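The values are calculated or read from the model by the stated rules, or taken from the named source; none is laboratory data. Here the structure is a predicted model, which is why all the values come from computation and not from measurement. Quick note on the areas: whole protein, heavy atoms, side chains included, nothing else; ligands and nucleic acids left out. Shrake-Rupley method; radii C 1.70, N 1.55, O 1.52, S 1.80 Å.
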Amino acid sequence: MNDTATILETKIALREALKTYDGDVKQHKVKEKIEQLSQLNPIVDPTHSSLLESQDWLLISAPSFPQG
């Protein structure tokens, strides 16, 4: 099991990378941090988890959709 400190440090690193690249998730460093964080996710299949469906979400990256 991953410890909380590692997860927190990885989240901080991702936020810093997003700040550095103005939220651009296509930048290599940002992709790298996202991959690192995804490896620490304890939910096996998060995109199909009912635990995440009814949560509030905050977009911290630049929107990648028209008029975003």
Margin query: Please list log₁₀ I(q)/I(0) at q = 0.16, 0.17, 0.18, 0.29 Å⁻¹ for the chain, using the Debye equation with identical point scatterers on the alpha-carbon positions.
Written below: -0.65, -0.74, -0.82, -1.23
Next item on the list: Evaluate the relative contact order of the chain (contact order divided by residue number), counting alpha-carbon pairs under 8 angstrom at least 6 apart; express in whole percent.
Entry: 35
Item checked: Helix-derived mean residue ellipticity, 222 nm - over the chain, DSSP H n ≥ 4, -39500 (n - 2.57), to 500 -> -14500 deg cm²/dmol
Checklist line | Per residue, in Å², the accessible surface of the chain once ligands and nucleic acids are set aside, probe 1.4 Å | finding: 85
Note to self: Within the chain, what whole-number % of the accessible surface is contributed by carbon and sulfur, with the 1.4 Å probe and all protein chains included in the calculation?
What the structure shows: 55
